[in-house]
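The next block holds one structure in the form of structure tokens; read it before the comments.
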Amino acid sequence: NAGVTQTPKFRILKIGQSMTLQCTQDMNHNYMYWYRQDPGMGLKLIYYSVGAGITDKGEVPNGYNVSRSTTEDFPLRLELAAPSQTSVYFCASRDRGLTTNEKLFFGSGTQLSVL
Amino acid sequence: GQQLNQSPQSMFIQEGEDVSMNCTSSSIFNTWLWYKQEPGEGPVLLIALYKAGELTSNGRLTAQFGITRKDSFLNISASIPSDVGIYFCAGQEETSGSRLTFGEGTQLTVNP
């Protein structure tokens with residue numbers, strides 16, 4: 001079972017470069033999320049989506065963009081990478097329903113360094 | 001925004017000891033979740049709590065939803081080396097819809 005798949009696993013960017021972190025899930029989940037995790041910190045919500053064509057900002061959206069053209073895919077775009085965006089990025093998904101947060105599935109993360 | 005205070009930040013214990021950690025929030029939550037994260041992996045759910053006062057176990061793990069709805073506790077009994085990892089609490093406010101807030105994590109080290 002694939003679940004939530006993130007690519008790449010690791011990436012090093014130069015300041016000002018752009019890149020897209022890919023996330024895809026094969027569970028037909030409506031809700032998808034992007035989090036970042038800084039060393040010694042919890043997860044901060046960047047953006048989320050409750051369905052194809054719908055996206056909303058989380059706690060720390062600045063410097064990022066997302067799109068949700070299909071149910072399966074939720075890519076995260078960094079347009080002008082900055083050192084402050086060095087972090088581990090996690091994509092997650094779950095089914096619809098207010099009481100189904102326990103069914104939040106995480107990908108294995110993307111380690112991004114901006115130098 | 002909403003903050004969760006999780007403590008302790010880290011724990012170093014001997015195999016066989018019991019462990020306790022907790023989270024507190026500044027507002028009322030209707031869901032509390034506890035996750036474990038191992039190196040190089042995403043968090044994995046351990047226990048989910050939905051009612052004030054609820055006490056739920058998962059093997060050697062026990063978690064409680066505080067009566068005030070502003071806190072939660074996780075206990076691990078008779079720790080073993082494979083319990084090593086980072087434990088996160090997460091909560092959902094009544095008004096937050098589909099969004100979870102995560103604590104900063106408790107790094108657990110178990111010495112054999």
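The values are calculated or read from the model by the stated rules, or taken from the named source; none is laboratory data. Source: prediction; values computed, not measured. Quick reminder, even Gly has a Cβ in these numbers, built from the backbone with ideal geometry, and neighbours come from all protein chains shown.
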Task: Identity of the residue in the stretch A:1-47, charged (D, E, K, R) and farther than 13 Å from A:Ser93 by Cα, that ends up surrounded by the fewest Cβ atoms within 10 Å (Cβ to Cβ) - done: A:Lys14
TODO: From the list A:Phe105, A:Phe74, pick out the single residue that is within 12 Å of chain B (Cβ to nearest Cβ), in contact with a Ser or Thr (Cβ under 9 Å, 6 or more places away or on another chain) and in contact (Cβ under 8 Å) with a residue 24 or more places away in the chain.
DONE: A:Phe105
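Yes or no, residue by residue, for (1) modelled with pLDDT of 95 or more; (2) in a strand (DSSP E or B); (3) not hydrophobic (A, V, I, L, M, F, W, C):
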| position | (1), (2), (3) |
| --- | --- |
| B:Asn5 | no, yes, yes |
| B:Glu17 | yes, no, yes |
| B:Cys23 | yes, yes, no |
| B:Leu33 | no, yes, no |
| B:Glu41 | no, no, yes |
| B:Lys51 | no, no, yes |
| B:Gln64 | yes, yes, yes |
| B:Ser79 | yes, no, yes |
Open item on the list: Here are the criteria: (1) within 12 Å of chain A (Cβ to nearest Cβ); (2) surrounded by 14 or more Cβ atoms within 10 Å (Cβ to Cβ); (3) small (Gly, Ala, Ser); (4) touching a residue at least 12 places away in the same chain (Cβ under 8 Å). Tell me which single one B:Gly42 does not satisfy.
Closed with: (4)
TODO: With the condition kept exactly as written, say whether any residue in the stretch A:95-102 is modelled with pLDDT under 95, surrounded by 18 or more Cβ atoms within 10 Å (Cβ to Cβ), outside any loop (DSSP other than H, G, I, E, B) and among the charged types (D, E, K, R).
DONE: no
- [ ] Starting from residues that are farther than 17 Å from B:Gln64 by Cα and of a type outside the set (Gly, Ala, Ser), keep the ones in the stretch B:9-33 and report whichever is nearest to the other protein chains (Cβ to nearest Cβ).
- [x] B:Gln9
Task: Identity of the residue in the stretch B:87-112, in contact with a helix residue (DSSP H, G or I) (Cβ under 9 Å, 6 or more places away or on another chain), surrounded by 18 or more Cβ atoms within 10 Å (Cβ to Cβ) and part of a loop (DSSP other than H, G, I, E, B), that ends up modelled with the highest pLDDT - done: B:Leu100
Open item on the list: Can you pull out every residue in the stretch B:66-77 that is of a type outside the set (Gly, Ala, Ser) and part of a loop (DSSP other than H, G, I, E, B)?
Closed with: B:Ile67, B:Thr68, B:Arg69, B:Lys70
Task: Top-ranked residue of the stretch A:55-84 - restricted to ones that are acidic (Asp, Glu) and outside any loop (DSSP other than H, G, I, E, B), ranked as nearest to A:Gly107 (Cα to Cα) - done: A:Asp73
Task: Index of the failed condition, A:Glu79 passing every other in (1) at pLDDT below 95; (2) touching a Gly at 6+ places or on another chain (Cβ under 8 Å); (3) surrounded by 13 or more Cβ atoms within 10 Å (Cβ to Cβ) - done: (3)
Task: Enumeration of residues in the stretch B:48-73 that are aliphatic (A, V, I, L, M) and surrounded by 19 or more Cβ atoms within 10 Å (Cβ to Cβ) - done: B:Ala48, B:Leu49, B:Ala63
